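Any read-out appearing in this document is the output of simple, stated calculations on the displayed coordinates, not a laboratory observation. Since the structure is predicted, the reported quantities are computational estimates derived from the model, not experimental observations. All Cβ positions, even for glycine, are placed from backbone atoms using ideal geometry, and neighbour counts span all protein chains on display.
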Amino acid sequence: TVCVVASYAVGLSMAVDRFPRPGETRIGHGFVQGPGGKGSNQAIQAARLGARVELVACVGDDAYGREALDLWCREGISTEHVVQVGDHPTGVGFILVDESGQNSIAIDPGANDALGPRMIDAAQGAFDRSAVCLVQLEISLESAAHALRKAKEAGCITVLNPAPARRIPDEVWGYVDVITPNEGEAAVVLGEEGNEENLGKLLLERVNLAAVVTLGEKGALVLEKSGAVQRVPAFPVPTRDTTGAGDAFSGALGLRLAQGSDVVEAARWGAAAGALTCTVPGVVPALPDRKALLRLLSG
Ligand code: ADP
C-alpha cells in the first residue's frame with residue numbers, strides 16, 4: 001500500500017488574448033475545468049499502476065468536494081481518511097493563459113489548509129498499513145512535517161516531493177528517506193545555487209536514502225547513500241503538454257518502492273510515467289496505466 005498525504009484543487013482555466021488590467025473585464029474562450037493538486041495526481045498515478053492507495057486529504061462540503069470523492073472512488077483509491085470540512089471550500093485555482101502561452105494563476109488552498117496534525121494523527125491506520133508514504137508541500141509545512149514523522153515512525157519509506165518549493169527546516173530532514181525535486185526546487189529547498197550534481201549531493205547529505213533530481217527532458221539524477229550516482233535517461237516521446245510530469249514521476253516511483261524495487265529502478269518507472277504524461281494534454285487524463293507504462297519500458 002502507498003499512502004499519500006495530499007492536496008486537492010480544481011483547476012479552472014481559460015484562454016485570453018491578453019491578461020485583463022485592474023478593473024477590466026475581458027472575454028476569454030476555451031474554458032476547461034479539471035481535477036488537480038499534486039498529492040491527488042500522485043495518488044491517481046500510483047493507483048493506475050496497480051498500487052493500493054490510501055489518501056489522507058481534506059476537501060470542502062461542496063460540489064467540488066463530492067466530485068473529488070467520486071474521482072478517487074473511480075480510481076479505486078481508499079478515501080477512509082479523506083475529511084469533508086464545512087468551514088472551508090474545496091481548493092481551487094484560476095488559470096488564465098494568454099496568446100503567447102504565458103499563464104497567470106491564483107490559488108485558494110481552501111480545505112487543504114484545514115488538513116492539520118490532528119487529522120493526520122487520525123490516519124494512523126493508513127501509515128501502519130503502508131510501505132511508502134508520499135508527501136508534497138501544497139499543505140502547510142507543519143502538516144507535511146508531521147505526516148513525514150508519523151509515516152517514518154510507522155515504518156514507511158517516506159518520499160517528499162518538495163513542490164511548491166520551500167526551504168525545509170533542519171529538524172524535518174531526519175524524517176525524509178527519498179526526496180524528488182526538479183532542479184529549480186532543489187535549489188530553493190536548500191537555499192543554495194549550484195549545478196544538478198552539487199545540489200543532489202547536498203540533498204543526499206540531508207536525507208536517509210536517496211536524492212532524485214528530475215531534469216525534464218534530460219531525465220533524472222539518482223544519488224544514493226552507497227555513494228552511487230546514476231543518470232536515468234528520459235524516454236523520448238512526442239511532447240504535447242508537460243504539466244504533471246513531476247507528479248507522474250513521484251507517483252510511479254512511490255509505487256515501485258512499495259513493490260520493493262531499488263531507487264534507480266523506481267526512478268526508471270518514474271521517468272516512463274513522466275514521459276507518457278507529456279504525450280497527452282491535461283494531467284489526470286494523461287497519467288498512464290500499467291499496460292502503457294510496461295509497453296514503454298519494454299521498448
Ligand atoms: P516537473 O514537472 O516537476 O517540473 P520534470 O519536468 O523534471 O518535473 O519532469 C519529471 C520527469 O518526467 C523527468 O525526470 C523526465 O523523466 C520526465 N519528463 C519530463 N519532461 C519530459 C519530456 N519532454 N520528454 C520525456 N520525458 C520527460
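Would you compute, for the Cα atoms of the chain, the largest minus smallest coordinate along each principal axis and list the three values in descending order, in whole Å?
57, 42, 40
What does the charge count around Leu204 come to, taking other residues whose C-beta lies under 9 Å from its C-beta (Lys +1, Arg +1, Asp -1, Glu -1)?
+1
Have a look at region 222-299 and give its Rg and Dmax from the Cα atoms, expressed in angstrom.
For region 222-299, the Cα radius of gyration and maximum Cα-Cα distance read 12.3, 39 Å.
Estimate the FRET efficiency between Glu171 and Arg118 by the formula 1/(1 + (r/R0)^6), using the beta-carbon distance for r and 25 Å for R0, to the nearest 0.05.
Step by step, r from the Cβ atoms, then E = 0.80.
Using alpha carbon centroids, what distance separates region 80-145 and region 263-288, in Å?
21 Å
Based on the Cα atoms of region 88-200, what semi-axes does the equivalent ellipsoid have, where each is the square root of 5 times one gyration tensor eigenvalue, given in whole Å with the largest first?
Taking √(5λ) for each Cα gyration eigenvalue gives 26, 22, 11 Å.
Sort Phe31, Phe235 by Cβ crowding within 10 Å, fewest neighbours at the top.
Ordered from fewest to most neighbouring Cβ atoms within 10 Å, Phe31, Phe235 come out as Phe31, Phe235.
Would you mind checking the pairs Lys225/Lys291; Lys152/Lys225; Lys152/Lys218 and listing those with alpha carbons more than 23 angstrom apart?
Table pairs above 23 Å Cα-Cα are Lys225/Lys291; Lys152/Lys218.
In Å and from the alpha-carbon atoms only, list the Rg and Dmax of region 157-216.
Taking only Cα atoms of region 157-216, I get Rg and Dmax of 10.0, 30 Å.
Under a 10 Å cutoff between Cα atoms, tell me which one of Pro162, Pro285, Pro22 has the largest fluctuation in the Gaussian network model of the chain.
Pro22
Just the projected area, averaged over all directions, of the convex hull on the alpha carbon atoms of region 2-157: how many nm²?
10.2 nm²
Give me the net charge for the shell around Arg167: Cβ to Cβ below 15 angstrom, other residues only, Lys and Arg +1, Asp and Glu -1. Write down the numbers at each step before the final one.
On the way: positive: Arg166, Arg206; negative: Glu142, Asp170, Glu171, Glu185, Glu192, Glu193.
Overall, the nearby charge balance is -4.
Starting with the fewest neighbours, write out Thr180, Thr242, Thr79 ranked by other beta-carbon atoms found within 10 Å of each beta-carbon.
Going from least to most buried by this count: Thr242, Thr79, Thr180.
Neighbour counts of other C-beta atoms within 10 Å: give me Glu142, Glu185 arranged from fewest to most.
Ranking Glu142, Glu185 by Cβ neighbours within 10 Å, fewest first, gives Glu142, Glu185.
Considering the Cα positions of region 68-122, please state its Rg to one decimal place and its Dmax as a whole number of Å.
15.2, 47
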